[in-house]
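Take a look at the structure below.
The values are calculated or read from the model by the stated rules, or taken from the named source; none is laboratory data. From a predicted model like this one, the values you see are computed outputs, not experimental measurements. Note: ideal-geometry Cβ built from the backbone for every residue, glycine included; neighbour counts use all protein chains shown.
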Amino acid sequence: MKFSFKLLIKLFIISISIVILLLLVFGISYYTIDQIQKKNNLMDIGDYAPISTLVVPSNPKTRSKFPFIDVHSHHWNMPIMNLDNLVDEMDSLNMIYQINLSGSGLAVFSGKQDLMDLNLLKSINNVKENHPERFGVFVNLDLSKIGRKNFKSNTEEYLENASKIGAIGLKIYKNLGLNLKDGEGNRVKVDDERLQFIWEKCAELNFPVLIHSGEPIAFFDKIDKYNERWLHAKERPNSFRPSDKYPPFDVVMMEQYNMFKKNPNTTFINAHFGWYGNNLNKLDQQLTELSNVYTEFGAVINELGRQPISARKFFTKHQDRILFGKDNYNKEEYYLYFQVLETNDEYIEYFRKRHGLWKLYGLNLPDSILKKVYYKNALKIFPSINPNLFK
């Protein structure tokens, strides 16, 4: 026993010594590598943050020139949130009305209809009891039940009830067309015939449908040094859509186009410029062919700001079909949207590097177009919004 105890002590001391030695080796190695990188100016592209020496006029904005409606926002906690605080921030931005697309809450991804019902009801009641003229709420659907018994009748009833209690539209999430599967494990296409009744019911209820289909085209491409969203892939790898798991970008976009075309009586809002912010000719073609489709630029202002001449031409041609949208709510991030839309500033720094390693330039839109984008176009498709708030 005595010999064994001493042996254990020795082994323990040797183990500790080895651990300390390894830590020293690794520490020295990392320090050496770090010093070599600094000496050779090596760094991760995400860490590179140069301070521009360019001297040009800059006109940052903290408030929009005209009152505006944000048709694309998300507040998952609306049933319990203090709307007074949010309205104070909206007032500072000159935002008169905001649409929460997440009316049914996170419950829409749980498959629990009772929780979806409760979240929607409480969200709408919170608005009605506090700021009924400042917010609109969209309903959401659990499309994973497609093909099941009573799917059609239950969904129609849910939409009708949502309209009765005060919802003003329907938001369709991006899982449709990407990874939503039916009961047999097949991908549900955007233009699936089993969903046709939904678009028809929305036309009947005068429910605009804001739909997010697909992702930026670079998310479907190979992740290598040629992919302009490489940094996004590094920081958010789950955002990308490899071909062994997802359909091609063009397939999803064509399915959405077919669905739009088949439902001319339904008003659609193609979210995020339909992910054609990098290909305005394609979006131009679709808006020209489809008079029932509007679009909004939530989360793609960076695409517009890098092509100010083309973007300004697009806004001029389709000035009656573009809505203001931001996506995730963040007060300070609206400032850049105002600057890109309203000024002719150059070399504007975007607030999220992974969305694109480039600078933005102002579109300097005329007042007549700004007013349409900020609020007039939205008033056309949302009759429940009080137009007197914008006089």
| For the stretch 131-162, what are the residues that are in a helix (DSSP H, G or I) and either of a type in the set (D, E, K, R) or over 19 Å from D114 (Cβ atoms) (or both)? | K145, K152, E156, E157, E160
| Residue within the stretch 134-154 that is under 27 Å from F324 (Cα atoms) and surrounded by fewer than 19 Cβ atoms within 10 Å (Cβ to Cβ) present | no
| In this structure, is Y350 assigned to a loop (DSSP other than H, G, I, E, B), at pLDDT 95 or above, closer than 25 Å to A233 by Cβ and assigned by TED's automatic domain parsing to the domain that holds I168? | yes
| Residue satisfying condition, being outside any helix (DSSP H, G or I) and out of contact with any His (no Cβ under 8 Å at 6 or more places or on another chain), within set N364, N388 | N364
| message | Suppose the filter is outside any loop (DSSP other than H, G, I, E, B) and either under 12 Å from G305 (Cα atoms) or without any contact (Cβ under 8 Å) to a residue 40 or more places away in the chain (or both); does E333 pass it? | response | yes
| task | Among residues belonging to the stretch 68-123 that are among the hydroxyl-bearing types (S, T, Y) and part of a helix (DSSP H, G or I), point out the one that is nearest to A167 (Cα to Cα). | result | S123
| request: Output the residue which, of all residues in the stretch 344-391 that are among the acidic types (D, E) and closer than 27 Å to D320 by Cβ, is surrounded by the fewest Cβ atoms within 10 Å (Cβ to Cβ). | output: D367
| query | Just checking, which of K171, K128, K164 is under 30 Å from F68 (Cβ atoms) and either in contact with a Phe, Trp or Tyr (Cβ under 9 Å, 6 or more places away or on another chain) or outside the structural domain of N82 (by TED's automatic domain parsing) (or both)? | reply | K171
| field | Within the stretch 87-112, considering residues that are buried (at least 16 other Cβ atoms within 10 Å of the Cβ) and modelled with pLDDT under 95, the one farthest from the chain's Cα centre (by Cα) | value | A107
| request: Answer yes or no: is there a residue in the stretch 132-152 that is under 30 Å from P387 (Cβ atoms) and of a type in the set (K, R). | output: yes
| field | So M254, is it hydrophobic (A, V, I, L, M, F, W, C) and either surrounded by fewer than 17 Cβ atoms within 10 Å (Cβ to Cβ) or touching a Pro at 6+ places or on another chain (Cβ under 6 Å) (or both) | value | yes
| message | What are the pairs with Cβ atoms under 8 angstrom where one residue, in the stretch 128-139, is farther than 14 Å from M81 by Cα and the other, located anywhere, is part of a strand (DSSP E or B) and of a type in the set (K, R)? Sequence gap at least six, or different chains. | response | F138/K171; V139/K171
| said: within 22 Å of the chain's Cα centre (by Cα), at pLDDT 95 or above and under 26 Å from A167 (Cα atoms): is that true of I198 in this structure? | reply: no
| field | Any chance L54 is touching a residue at least 60 places away in the same chain (Cβ under 8 Å), of a type in the set (A, V, I, L, M, F, W, C) and surrounded by 13 or more Cβ atoms within 10 Å (Cβ to Cβ) | value | no
| said: Can you pull out every residue in the stretch 231-253 that is among the hydrophobic types (A, V, I, L, M, F, W, C) and either over 20 Å from the mean Cα position of the chain (by Cα) or more than 17 Å from P216 (Cβ to Cβ) (or both)? | reply: V251
| Can you spot a residue in the stretch 262-284 that is among the acidic types (D, E) and either in contact (Cβ under 8 Å) with a residue 40 or more places away in the chain or on the phi > 0 side of the Ramachandran plot (or both)? | no
